[in-house]
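Trainee: Let me begin by handing over the structure; questions about it come next.
The values are calculated or read from the model by the stated rules, or taken from the named source; none is laboratory data. Fair warning: this is a prediction, and the values are worked out from it, not measured in the lab. Counting neighbours? That spans all protein chains shown, and the Cβs are built from the backbone with ideal geometry, glycine included. With ligands, DNA and RNA removed, areas are computed over all heavy atoms of the protein, side chains included. Shrake-Rupley method; radii C 1.70, N 1.55, O 1.52, S 1.80 Å.
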Amino acid sequence: MDFAKLHGTGNDFVLVDARALTGDWPALARAACDRHFGIGADGLILATKSSRAPVRMRIFNVDGSEAEMSGNGMRCLAKFVADAGMVTPENDEFDVETGGGVMRVSITKDVKGRVTSVRERMGRPRLDPREIPIAVEAQPPITSYPVDVDGRTMAISAVSMGNPHAIYFQHGPVADFPLRTIGPLMEHHRLFPNRTNFEVVRMMPHGKAEMRVWERGVGETLSCGSGASAVMVAARLQGMTQDALELTVPGGILELEWDGASDVVLTGPVEEVFRGVWPD
């Protein structure tokens, strides 16, 4: 089976053209994503047929669980299908069906016609506790909600971008936060019936911020596009930023936009690492 490995700001994925394939995708994800015995990646992405868009994205985490969507994964898929001619973009734009809905992407190419960056509409955030979901009886939005984890109380914001996110804003550098200890505890906290992604953020002057992320079913990653989008929403709702945010993650820089009413827009780079053949 042919595959390609791509990454968006260090969030890396194995991509497969599965339009004519069937398989045990959770098992493949666990095997191919293993960084010692497999290809090594944060997830497996399948390009499949869709009745609602030119292509459908399915994404499986390292543990084999299927996620609703991924912002960085979306950029990887957009490059994968556009570079291979699997879709025919109109004015360099096309739709992608995901588990979180149909998303619009706009591609930028280099002089050789290869996609180098993608601007993607991530959809409107879901703020109702039942839609996130979070087991909280309160009116939306959920901001600065106290959550006890490992002997500390953290004020979190909860947002869904088609998948659940818990965001914690702190004053110190995010590098100092014990994410590998707190991350899995927050992911599996009783408040989140479907588990959650967890972002730790420090806001900085001039419309900038930094973020680390613990991804549900994966662990700490270098970047998370849906997490970055959720941070944009949570920060704007609390008056921490205006309509745009430059977010630094361990893998690079992402540009976010949200006017408080329409879709969140995410722009970031994407690169192909290598191609290969996985034994059946």
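Trainee: Consider ARG152 carefully, then state whether it is basic (Lys, Arg) and either open to solvent by less than 60 Å² (accessible area, probe 1.4 Å) or in contact with a Pro (Cβ under 9 Å, 6 or more places away or on another chain) (or both).
Mentor: Taking the combined requirement at face value, the residue does not satisfy it.
Trainee: Does at least one position in segment 87-101 carry a residue that is open to solvent by 40 Å² or more (accessible area, probe 1.4 Å) and in a helix (DSSP H, G or I)?
Mentor: no
Trainee: Starting from segment 104-133, take each residue that is open to solvent by less than 40 Å² (accessible area, probe 1.4 Å) and list its partners that are acidic (Asp, Glu), counting only C-beta distances under 7 angstrom and pairs at least six apart or across chains.
Mentor: Note: pairs meeting the criteria are VAL105/GLU93; VAL105/GLU120; SER106/ASP92; SER106/GLU93; ILE107/ASP92; VAL115/ASP83; MET122/ASP263; GLY123/ASP263.
Trainee: Still on this structure: Please count how many residues of segment 154-211 are in a strand (DSSP E or B), more than 20 Å from the chain's Cα centre (by Cα) and under 18 Å from ASP128 (Cα atoms).
Mentor: 1
Trainee: Ok, one more. Looking at ILE59, ILE39 in this structure, which one is in contact (Cβ under 8 Å) with a residue 40 or more places away in the chain, in a loop (DSSP other than H, G, I, E, B) and either buried (at least 19 other Cβ atoms within 10 Å of the Cβ) or among the β-branched types (Val, Ile, Thr) (or both)?
Mentor: ILE39
Trainee: Across segment 253-280, what is the total count of residues that are farther than 18 Å from VAL105 by Cβ and under 15 Å from the mean Cα position of the chain (by Cα)?
Mentor: Summing the residues that are farther than 18 Å from VAL105 by Cβ and under 15 Å from the mean Cα position of the chain (by Cα) in segment 253-280 gives 1.
Trainee: Turning to a different aspect of this structure: Restricting the search to segment 51-66, which residues are more than 18 Å from the chain's Cα centre (by Cα) and of a type in the set (Ser, Thr, Tyr)?
Mentor: Listed by number, the list holds a single entry, SER51.
Trainee: From PRO269, PRO279, PRO250, grab the single residue that is farther than 22 Å from GLU131 by Cα and in contact with a strand residue (DSSP E or B) (Cβ under 6 Å, 6 or more places away or on another chain).
Mentor: Answer to the check: PRO269.
Trainee: With the condition kept exactly as written, say whether any residue in segment 244-267 is assigned to a loop (DSSP other than H, G, I, E, B) and among the aliphatic types (A, V, I, L, M).
Mentor: Yes, there is a match, as at least one residue in segment 244-267 is assigned to a loop (DSSP other than H, G, I, E, B) and among the aliphatic types (A, V, I, L, M).
Trainee: So VAL201 clears everything in (1) farther than 21 Å from SER117 by Cα; (2) open to solvent by 40 Å² or more (accessible area, probe 1.4 Å); (3) touching a helix residue (DSSP H, G or I) at 6+ places or on another chain (Cβ under 8 Å) except one condition, right? Which one?
Mentor: Of the numbered conditions (1) farther than 21 Å from SER117 by Cα; (2) open to solvent by 40 Å² or more (accessible area, probe 1.4 Å); (3) touching a helix residue (DSSP H, G or I) at 6+ places or on another chain (Cβ under 8 Å), the odd one out for VAL201 is (2).
Trainee: Continuing with this model, one more query. Might you check whether a residue that is in contact (Cβ under 8 Å) with a residue 60 or more places away in the chain and under 19 Å from GLU257 (Cβ atoms) occurs anywhere in segment 86-99?
Mentor: Within segment 86-99, not a single residue is in contact (Cβ under 8 Å) with a residue 60 or more places away in the chain and under 19 Å from GLU257 (Cβ atoms).
Trainee: Do we find a residue being on the phi > 0 side of the Ramachandran plot and open to solvent by 30 Å² or more (accessible area, probe 1.4 Å) anywhere in segment 183-194? Spell out the reasoning first.
Mentor: Going through segment 183-194, the residues on the phi > 0 side of the Ramachandran plot turn out to be none.
The answer is no; no qualifying residue exists.
Trainee: Quick check on segment 67-86: of everything there that is among the small types (Gly, Ala, Ser) and either part of a loop (DSSP other than H, G, I, E, B) or on the phi > 0 side of the Ramachandran plot (or both), which residue is surrounded by the fewest Cβ atoms within 10 Å (Cβ to Cβ)?
Mentor: Step by step, filter segment 67-86, then rank; the result is GLY85.
Trainee: Out of (1) surrounded by fewer than 18 Cβ atoms within 10 Å (Cβ to Cβ); (2) outside any loop (DSSP other than H, G, I, E, B); (3) not polar (S, T, N, Q), the odd one out for GLY23 is which?
Mentor: (2)
Trainee: Oh, and also: Of the conditions (1) in contact with a Ser or Thr (Cβ under 8 Å, 6 or more places away or on another chain); (2) more than 22 Å from PRO125 (Cβ to Cβ); (3) open to solvent by less than 50 Å² (accessible area, probe 1.4 Å), PRO54 clears all except one; give me its number.
Mentor: (3)
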